[in-house]
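Quick notes on the structure that follows.
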Amino acid sequence: MKKRAGVTVLLAAALLLTGCAAHENERKAAEASPSNGYVGDTGESSRGSLDVSVLRGSEADYDFSPSPEALAGNRPIVAAGVVEGWQQGPILESYEGGPLDYRVVLKVKVTDALKGVKGRASIPANLVFVELDQGAVIRDDSLPPEEWKPERSVQDFATSIPAGTKVMIFPTERPAHEQKVLDEGERLPAGARLMSVPPQGLVFEDPLLAQQKSGQSALVGGKEPLGVAGRSPWLEPKSMSELVDRLRSKGFSE
């Protein structure tokens, strides 16, 4: 089954360029909106405290995994933990004469190792560093395109999905970048490697939804919504602990 999801598309970044004034208007509108950045049309509430819209910038085809255990079976690493923080990732060339391609890094402290974590040198001290698209840049015709800055700062990501948020990741060690790396970004600990995740490979627990007694799942997809019309095995667990227990019951445990 093919589905649309958020992934980095270099040409899309150029199409999404906005003027500074438009950017400021959009930011004010977003701050005034009660939806906190994600749409509740797939079983996810739009009234939580997280704003995962920072992770949903563009779309591409991918093979949809119908359940968390189906995805876990196809990934080398599966772990749950908490958001430790965010940092600047690599800055890459995009195309000749175009703006730069900025990446942001999500730092996760693993608390539940389910698959492929223990003994892996690229996960020192149970820390996983996930590289994500930082999104579009702000067009400024007074500057050459390579000097245009990202619309969202690292702090924007840290505010939208703060440290301490519960998260499950389905990563793999990232291969070398095909594009020219102009800046490596913030240094990683010795031995650590950047990881990448598929569209369904980030699941957060929204702390506000977790406090409610509605019976609705507090889990929220990061790059891609979890459910379809509210019916999905992804939304059967109501909390991160239930999602961890589900995968353990399916044989994923270290």
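The values are calculated or read from the model by the stated rules, or taken from the named source; none is laboratory data. Treat the numbers as computed from the prediction; the structure is a model and nothing was measured. In this analysis, Cβ positions are derived from the backbone assuming ideal geometry, glycine residues included, and neighbour counts consider all displayed protein chains. Ligands, DNA and RNA are excluded from the accessible area calculation, which covers all protein heavy atoms including side chains. Shrake-Rupley method; radii C 1.70, N 1.55, O 1.52, S 1.80 Å.
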### Query
If we keep just the residues of segment 223-254 that are under 16 Å from Val78 (Cα atoms) and of a type in the set (A, V, I, L, M, F, W, C), which is most open to solvent (accessible area, probe 1.4 Å)?
Phe252
### Query
What do you reckon, is Gly135 without any contact (Cβ under 8 Å) to a residue 60 or more places away in the chain, in a loop (DSSP other than H, G, I, E, B) and farther than 15 Å from Glu84 by Cβ?
no
### Message
I'd like to verify a number: residues in segment 102-122 that are open to solvent by 20 Å² or more (accessible area, probe 1.4 Å), over 12 Å from Met168 (Cβ atoms) and within 19 Å of the chain's Cα centre (by Cα), how many?
### Response
2
### Task
For segment 198-222, enumerate the residues that are closer than 17 Å to Val78 by Cα, buried (at least 21 other Cβ atoms within 10 Å of the Cβ) and of a type outside the set (Val, Ile, Thr).
Pro199, Gln200, Gly201, Leu202, Phe204, Glu205, Leu219, Gly221, Gly222
### Query
In segment 61-78, which residues are in a helix (DSSP H, G or I) and open to solvent by less than 20 Å² (accessible area, probe 1.4 Å)?
Pro68, Leu71, Ala72
### Message
With the requirement that a residue be of a type in the set (Gly, Ala, Ser) and either farther than 17 Å from Leu100 by Cβ or open to solvent by 40 Å² or more (accessible area, probe 1.4 Å) (or both), what does segment 126-163 give you?
### Response
Ser142, Ser153, Ala158, Ser160, Ala163
### Query
With respect to the numbered conditions (1) under 14 Å from Ile77 (Cα atoms); (2) assigned to a strand (DSSP E or B); (3) hydroxyl-bearing (Ser, Thr, Tyr), which one is the sole condition not fulfilled by Tyr102?
(1)
### Query
Would you call Arg120 of a type in the set (Lys, Arg) and either touching an Asp or Glu at 6+ places or on another chain (Cβ under 8 Å) or in a strand (DSSP E or B) (or both)?
no
